[in-house]
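Q: Take a look at this one; I'll ask things after.
The values are calculated or read from the model by the stated rules, or taken from the named source; none is laboratory data. Since we're looking at a predicted model, the values are computed, not measured. Quick reminder, even Gly has a Cβ in these numbers, built from the backbone with ideal geometry, and neighbours come from all protein chains shown.
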Amino acid sequence: MQNHKTTSQAIYQHLESANDVLIVSHQKPDGDTLCANFALYKFLKEKNKNVTSFCLDPVPDSLKFLPYSHNLSNDHKVFTKSYDTIIVVDSGSLDYAGIDGLISAIPSKYTMINIDHHASNPHYGDINLVITDASSTAEVLYRLFMDWKINWDEEMASALVCGIVTDTGGLKNPATTYQSLDAVADLVNKGANPHQIMNLTINNTDIASLRLWGRALERLKKNKKYDLVYTFITNQDLIDCGASESASEGLANFLHILKDGSISMVLKETSNGYVKASLRTTSKTDLSKLAQIFGGGGHKKAAGFSLPGKLVYDNNKLRIV
Ligand SMILES: [Mn+2]
């Protein structure tokens, strides 16, 4: 584990003197980035700070049960106000967060705190707490809050369990370490209900989504040269199955159960004209480096990239055109 105590203290000291704080989650938010945002929001509110939670995209319906989700602003005007502190959570870059074009509008000087776990994170903040062996940003926050000896309550503990559980596909992917399990055990002891959180997040699918998964699973193919198992989902599949764009989330993590191939890849068309690749491995291949070749990023064992185009499948060959 990296030694993060000095950074942890630096963040605490900075926040003690902060007044106006903006917390930013990455666009197309997942459980981890939202739970990290809301846990920090609550912590800072209890310290009587002015806090604004922001994400470029709204909270997905499946995560609206989270406390403080109603509080998240998607309004770009947030960036025309003054802050002394900006905390970006769970974002390997400002581009990934979706705020690289917005942030220059902030009229004040500010300190940027970057709290993350992506291996590709280039430490873009003034203070950077990037723990790449953490399963999730929620796990990074758990370590921070433990260092800070905060007053835990059920809401705080549940938020962090939700972040860890969603980023590890239900404590199943290879990013799940002794520290992740230890954090969850302690958070359950502090009042979180893991079954309830699992049922609201991981075990929460519908027929349309399973039909979509069915199509993707039927198409699974193995490329022997690269020891790669892959499949794909097109926009037409979403229409045919009546599924939403988020329905295929979790599919890449699910493919971890495969014993064939050392790398799995799900290619998915997006509504804005891109093909998004989600890569997973249980081998020693560093996927974050592989994804960076294509302008993406992520973790060693889970990474992704997007390319403009659409998927064409003919003659048993899959191409991006
Ligand atoms: Mn994350």
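Q: Can you pull out every residue in region 124-174 that is part of a helix (DSSP H, G or I), under 21 Å from Lys301 (Cβ atoms) and out of contact with any helix residue (DSSP H, G or I) (no Cβ under 6 Å at 6 or more places or on another chain)?
A: Val140, Arg143
Q: For region 271-315, give me each residue that is of a type in the set (Gly, Ala, Ser) and closer than 25 Å to His123 by Cα.
A: Start the filter on region 271-315 by keeping residues that are of a type in the set (Gly, Ala, Ser), which leaves 271, 273, 277-278, 283, 288, 291, 295-298, 302-304, 306, 309.
Those that are of a type in the set (Gly, Ala, Ser) and closer than 25 Å to His123 by Cα: Ala277, Ser278, Ser288, Ala291, Gly295, Gly296, Gly297, Gly298, Ala302, Ala303, Gly304, Ser306.
Q: Got at least one residue in region 131-147 being more than 16 Å from the ligand (Cβ to nearest atom), under 23 Å from Ala291 (Cα atoms) and not assigned by TED's automatic domain parsing to the domain that holds Gly296?
A: The answer is no; no qualifying residue exists.
Q: When both residues are 6+ apart or on different chains and their Cβ atoms are under 6 Å apart, which pairs have a first residue that lies in region 28-39 and is assigned by TED's automatic domain parsing to the domain that holds Phe54, and a second that is more than 8 Å from the ligand (Cβ to nearest atom) and acidic (Asp, Glu)?
A: Pairs that qualify, where the first residue is assigned by TED's automatic domain parsing to the domain that holds Phe54 and the partner is more than 8 Å from the ligand (Cβ to nearest atom) and acidic (Asp, Glu), are Lys28/Asp57.
Q: Return the total of residues in region 121-130 being within 12 Å of the ligand (Cβ to nearest atom) and more than 12 Å from Leu94 (Cα to Cα).
A: 1
Q: Only one of Ala105, Ala119 is at pLDDT below 95 and in the same structural domain as Ala36 (by TED's automatic domain parsing); which?
A: Ala119
Q: Filter region 248-262 for residues that are within 18 Å of Ser306 (Cβ to Cβ) and either aliphatic (A, V, I, L, M) or modelled with pLDDT of 95 or more (or both) and give the result.
A: Leu251, Ala252
Q: Kindly provide the set of residues from region 4-36 that are under 16 Å from Tyr142 (Cβ atoms) and over 12 Å from the mean Cα position of the chain (by Cα), ordered by number.
A: Across region 4-36, the qualifying residues are His4, Lys5, Thr7, Ser8, Ile11, Tyr12.
Q: State whether the residues of region 71-91 include one that is within 16 Å of the ligand (Cβ to nearest atom), small (Gly, Ala, Ser) and either under 20 Å from Asp126 (Cα atoms) or assigned by TED's automatic domain parsing to the domain that holds Gly170 (or both).
A: Yes, because at least one residue in region 71-91 is within 16 Å of the ligand (Cβ to nearest atom), small (Gly, Ala, Ser) and either under 20 Å from Asp126 (Cα atoms) or assigned by TED's automatic domain parsing to the domain that holds Gly170 (or both).
Q: Residues in region 124-162 that are closer than 20 Å to Ala175 by Cβ, of a type in the set (S, T, N, Q) and surrounded by fewer than 22 Cβ atoms within 10 Å (Cβ to Cβ): how many?
A: 2
Q: Only residues that are of a type in the set (Gly, Ala, Ser) and either crowded, with 16+ Cβ neighbours inside 10 Å or within 12 Å of Trp213 (Cα to Cα) (or both): list them for region 243-262, please.
A: Scanning region 243-262 gives Ala243, Ser244, Ser246, Ala247, Ser248, Gly250, Ala252, Gly261.
Q: Tally time: how many residues in region 175-194 are buried (at least 19 other Cβ atoms within 10 Å of the Cβ) and assigned to a loop (DSSP other than H, G, I, E, B)? Quick ask: steps written out before the conclusion?
A: The initial filter retains those residues of region 175-194 that are buried (at least 19 other Cβ atoms within 10 Å of the Cβ), namely 175-176, 180, 183-184, 187, 192.
In the following step, the residues that additionally are assigned to a loop (DSSP other than H, G, I, E, B) were identified as 175-176, 192.
So the answer is 3.
Q: Report yes if Ile197 is touching a residue at least 12 places away in the same chain (Cβ under 8 Å), closer than 29 Å to Thr137 by Cβ, under 20 Å from the mean Cα position of the chain (by Cα) and surrounded by 14 or more Cβ atoms within 10 Å (Cβ to Cβ), otherwise no.
A: yes
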